[in-house]
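Read through the structure below, which is laid out as structure tokens, and then see the notes.
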Amino acid sequence: MEEQYRLKFFEEEGFKRKKCRVCGQPFWTKGEHEVCGDAPCQEYEFFDVPTKAKLTFREAKKEFIKFFEEHGHVPVEPRPVVARWRDDLFLTIASIVVFQPHVTKGLVPPPANPLVIVQPCIRLEDIDNVGLTLGRHMTGFHMGGHHAFNYPDKEVYWKEETVKLAFEFFTKRLGIPEELINFKESWWEGGGNAGPSFEVTVAGMELATLVFMQYEVKENGKKEYVPMKLRVVDTGYGIERIAWFTQKTPTAFHAVYGELLREFHKRLGVEEPPDELLYELVRSAGLMDPERPETIERVYKRASEKLGMPVDEIREVHGRVSLVYQVLDHTRTIMWMLGDGIVPSNVGEGYLARLVIRRALRALKKLGSDVALRDLVELQLEYWRDEHPRAWKNKEYVLDAVEYEEKKFEETLKKGVALVRRIIKKKKELSVEDLIELYDSHGIPPDIVAEVAAEMGVRVEVPSNFYALVASRHQKRVRKVKEAEEKGKLPEEVIRWAREFPPTRRLFHEDPYMREFDAEVLGSRGKYLILDKTAFYPEGGGQKADTGILESGEKSFKVVDVQKVDDVIVHVLDREYDGGRVVVGKIDWERRYRTMRHHTGTHLLLGALRRVLGDHVWQAGAEKTPEKARFDFTHHKPLTKEQIEEIERVANKAIDERRRVRAFTLPRNEAEARYWFSIYQGGVPPSKDIRLIEIEGWDVEACFGTHLANTGEVGGLKIISTKKIQDGVVRVEFVAGTRVAEEARKLENLVSKLSDLLKTSPDQLIRKAEGVLDETKRYKEMLSLYRRALLEQLLGSAKELGKLRVLRLELEDQELAQELLRKLSADGPAAVVVGNRAELAAPKGYDIGSVVREVAKRMGCKGGGKPTRATLVCDDIDGALEAISERL
């Protein structure tokens, strides 16, 4: 392995290979020191390292891009923090993620080669350390990456040039003394790739990582490293760390946030600690291990001895300022996540956003602050508006979603305390899995659980990395099922057979209005048929397959399904094909045209939703059929009546405008650069060219489906139902075209039937209904009076059956029965009987449910319940009640 790291550059520049006397890891340096320069092997000593200038965060970012642009790299715009182009990750955790998997697998060329990017990233693996380590850890950070993609026929640069560029940037551009630069040998693996790497460390701080992706990792019983044809230079420079390193402020938060940090201290009512204390704590930040509290106590003790402050005071100051830094960090990450369209929920990226929001809310509670999280996020939006324009554009949604989440969290806490008490009474002790389950399923933070448990005399250990544990279980996507074989639509042998044929020419794309076509039969297998070309649309993208007929001579075959295997289209017939080599295809045009109306209508609806609700709206599922369309989308609240009406109005206005609809294809990089990642509403096609559907001036999406020529053909759009189907996802169903008239006819028939029932005309229906409701209200009031009068009479008719008070009712009135039972059971067990059914209740101290279950089982009846309430159904109800009274 040593040869992987031995470079001519090191030899020419006089670097020596040493082994760190603390961690034992090899590193290369021109200095005389014997440690690798990384924490915890070396404390933070960079405060004493000279640099050319003090760079603000924005200056550090600008300087990084400028340096690599001067060295032939093309700057590339950063991508969103939610990795919508990946089917295995939710968040953008590194700059290389932007180019995985399509570029790194060689499917798509990079947007430039070589390139430079400063990418906002989010990692939650160390979320529990944020604030505590005073800037060593952050959930959100900017990764500066310069990347080179080396193809077999085109070498850009590899290890020598990468290390040389890093050395030159840190020494010549930043002015760090050469002898302090270390290149620590390491090994990197991730995303199915691996390779050697160097960590660039200086005086305790890691400033960059240089990765050389050259192996594909395969695991078939044992791990195997297969050389890649496309070798990738993957570097990551910490822009926030570079700013901190050059400014030498007490913490990284001072360097990144400047005046905003002071404003947070002011808003949260926490006094800023003296710089001398922060510097002393920060120097040892690399030694702080939250999983080993004694390491933190040692840091406190040393600071106490040096500064003459009591350890308890240092612990208190550090604890409170850590919470301020935590809120500061989390609010920026929240701004990024929601600004890029994440909707907080219980699944996927929404779960991760909610985790960060709730951790920030808990920090505010611990500080005793009544400042609204919304107001703090708004400060972040103002501060970063030029750096993150998408977040600023979505400001209204971001703040509304945060406020909504804060209210939901308060409701969760109120319910959670009672739930925790009930669980502890039953279990007596709680494991880490119990804590995770309580947080996952009920949103109850572990510290709340621990507090409630302590009040009940139960000790609960909360892991120091609890939130990282939870986040790790939700960081990766479950890959979406897309293939025909995975959907179970075609037998395995048919799929293997279909892959032997050339791609099918797609007439349905060339002319979506084609109703009839001629084609040559390339192959048949029972009822499965493959043609050289077809106008039959295969199921996909939420659009149902076409149906119709295929004629060959005098024979006719029904097409009952159409599926796609890679680029080959398989027609499923109603019986075995025994026709000739040429067929005439005729699609069911009425069915196709209705489906096209609903598909184009879905794109129209999405555009209307984003205009009315905001750009956070993202497709979460869709289905287009001839009868109706279903569209699921991300949104944090149920739709109001006013919003539904406005969405319909906006969509129908676009229909009246007869906007042009066109299909066209662009190279992936060009499509993303021109239309951004909102084109991937229905998923990311695994191809270098992207088929796009554009509704002129309205919406552009990657789409495989068939569409109308202009929006006017949709005819009209009517939403027929909306509902929240899960946390953060709303479902809308709508009809378009002639289906609107059919739905209107249904409503007319309903109105007509109601009018007949109420014996009035349709135009008088509302007035008549109001009259019926008023009359019903009067009857309910009268009934309530009669019940109260009857109640007192009936209570006196209760009979004593041992310890059980029994009252028989001759009429079925559930409300009266429940009120009688409540009064009768105030000081002892009671039963109210109607026919062969008895409702039973008892005060605390009894277990009426167990007694009823026992008697019911013995007598062949049905019954059971809780300690204070039970139900019994039995043919021999009198005998059963007598048996119950004997056991009380």
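The values are calculated or read from the model by the stated rules, or taken from the named source; none is laboratory data. In this text, all values refer to a predicted model and were calculated from it rather than measured experimentally. When we count neighbours, we look across all protein chains shown, and the Cβ atoms used for this are built from the backbone with ideal geometry, even at glycine. Just the protein is used for accessible areas: all its heavy atoms, side chains included, with ligands, DNA and RNA removed. Shrake-Rupley method; radii C 1.70, N 1.55, O 1.52, S 1.80 Å.
Key figures
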{"item": "Residue pairs meeting the criteria (Cβ under 9 Å; at least 6 apart or on separate chains; first farther than 17 Å from ARG649 by Cβ, in region 731-743; second open to solvent by 30 Å² or more (accessible area, probe 1.4 Å) and hydroxyl-bearing (Ser, Thr, Tyr))", "result": "ARG731/SER721; ARG731/THR722; GLU733/SER721; GLU733/THR722; GLY737/TYR593"}
{"item": "Close pairs (8 angstrom Cβ cut-off, 6 or more residues apart or separate chains): over 15 Å from LYS248 (Cβ atoms) in region 35-50, of a type in the set (Lys, Arg) anywhere", "result": "VAL35/ARG21; CYS36/LYS184; GLY37/LYS184; ASP38/LYS184; ALA39/ARG136"}
{"item": "Condition check for GLN563: polar (S, T, N, Q) and at pLDDT 95 or above", "result": "yes"}
{"item": "In region 668-702, the residues that are part of a strand (DSSP E or B) and within 21 Å of GLY712 (Cα to Cα)", "result": "LEU692, ILE693, GLU694, ILE695, ASP699, VAL700, GLU701"}
{"item": "Tally of residues being under 24 Å from the mean Cα position of the chain (by Cα) and surrounded by 14 or more Cβ atoms within 10 Å (Cβ to Cβ) across region 660-701", "result": "15"}
{"item": "Residues (open to solvent by 30 Å² or more (accessible area, probe 1.4 Å) and under 23 Å from VAL163 (Cα atoms)) located in region 25-41", "result": "GLN25, LYS30, GLU32, HIS33, GLU34"}
{"item": "Residue match in region 796-819 (condition: free of Cβ contacts under 8 Å to residues at least 40 places away in the same chain, of a type in the set (Val, Ile, Thr) and touching a Leu at 6+ places or on another chain (Cβ under 8 Å))", "result": "no"}
{"item": "Residue within region 367-387 that is surrounded by fewer than 17 Cβ atoms within 10 Å (Cβ to Cβ), part of a helix (DSSP H, G or I), modelled with pLDDT of 95 or more and out of contact with any Phe, Trp or Tyr (no Cβ under 6 Å at 6 or more places or on another chain) present", "result": "yes"}
{"item": "Any hit, region 791-798, residues being over 17 Å from GLU815 (Cβ atoms) and touching a Lys or Arg at 6+ places or on another chain (Cβ under 9 Å)", "result": "yes"}
{"item": "Residues that are touching a helix residue (DSSP H, G or I) at 6+ places or on another chain (Cβ under 9 Å), surrounded by 14 or more Cβ atoms within 10 Å (Cβ to Cβ), outside any strand (DSSP E or B) and modelled with pLDDT of 95 or more, drawn from region 485-537", "result": "PHE508, PRO512, MET514, ARG515, ALA535, PHE536, TYR537"}
{"item": "Qualifying residue in region 808-821 (condition: in a loop (DSSP other than H, G, I, E, B) and either open to solvent by less than 50 Å² (accessible area, probe 1.4 Å) or of a type in the set (Val, Ile, Thr) (or both))", "result": "yes"}
{"item": "Residue in region 716-731 that is within 30 Å of GLU670 (Cβ to Cβ), modelled with pLDDT of 95 or more and not in a loop (DSSP other than H, G, I, E, B) present", "result": "no"}
{"item": "Enumerated strands (runs of 3 or more DSSP E) restricted to region 543-587, each holding at least 2 residues that are in contact (Cβ under 8 Å) with a residue 60 or more places away in the chain and among the aliphatic types (A, V, I, L, M)", "result": "568-573, 582-587"}
{"item": "Qualifying residue in region 738-754 (condition: among the hydroxyl-bearing types (Ser, Thr, Tyr), within 18 Å of GLU627 (Cβ to Cβ), at pLDDT 90 or above and open to solvent by less than 40 Å² (accessible area, probe 1.4 Å))", "result": "no"}
{"item": "Checking PRO626 against (1) over 25 Å from the mean Cα position of the chain (by Cα); (2) open to solvent by 60 Å² or more (accessible area, probe 1.4 Å); (3) of a type outside the set (A, V, I, L, M), the condition it does not meet", "result": "(2)"}
{"item": "Breaking point among (1) under 30 Å from PHE15 (Cβ atoms); (2) modelled with pLDDT under 95; (3) not in a loop (DSSP other than H, G, I, E, B), for VAL98", "result": "(1)"}
{"item": "Test: residue in region 561-572 that is of a type in the set (Lys, Arg), open to solvent by 70 Å² or more (accessible area, probe 1.4 Å) and either under 23 Å from ARG496 (Cβ atoms) or touching a Pro at 6+ places or on another chain (Cβ under 8 Å) (or both)", "result": "no"}
{"item": "Considering residues of region 56-77 that are within 17 Å of VAL233 (Cα to Cα) and in a loop (DSSP other than H, G, I, E, B) only, the residue most open to solvent (accessible area, probe 1.4 Å)", "result": "HIS71"}
{"item": "Hits in region 405-439 - residues which are within 25 Å of the chain's Cα centre (by Cα) and either outside any helix (DSSP H, G or I) or surrounded by fewer than 15 Cβ atoms within 10 Å (Cβ to Cβ) (or both)", "result": "LYS407, GLU410, GLU411, LYS415, VAL432, GLU433, GLU437"}
{"item": "Check on ARG591, without any contact (Cβ under 8 Å) to a residue 60 or more places away in the chain and assigned to a helix (DSSP H, G or I)", "result": "yes"}
{"item": "So ALA401, is it surrounded by fewer than 17 Cβ atoms within 10 Å (Cβ to Cβ), in contact with a helix residue (DSSP H, G or I) (Cβ under 8 Å, 6 or more places away or on another chain) and in contact (Cβ under 8 Å) with a residue 12 or more places away in the chain", "result": "no"}
{"item": "Cβ-Cβ under 8 Å pairs, at least 6 apart or on other chains, region 610-622 side in a helix (DSSP H, G or I), far side among the charged types (D, E, K, R)", "result": "VAL612/GLU646"}
{"item": "Residue that is of a type in the set (Gly, Ala, Ser), modelled with pLDDT under 95 and more than 20 Å from VAL82 (Cβ to Cβ), where the choices are ALA620, ALA629", "result": "ALA629"}
{"item": "Which numbered condition PRO111 misses (of (1) open to solvent by 20 Å² or more (accessible area, probe 1.4 Å); (2) more than 30 Å from the chain's Cα centre (by Cα))", "result": "(2)"}
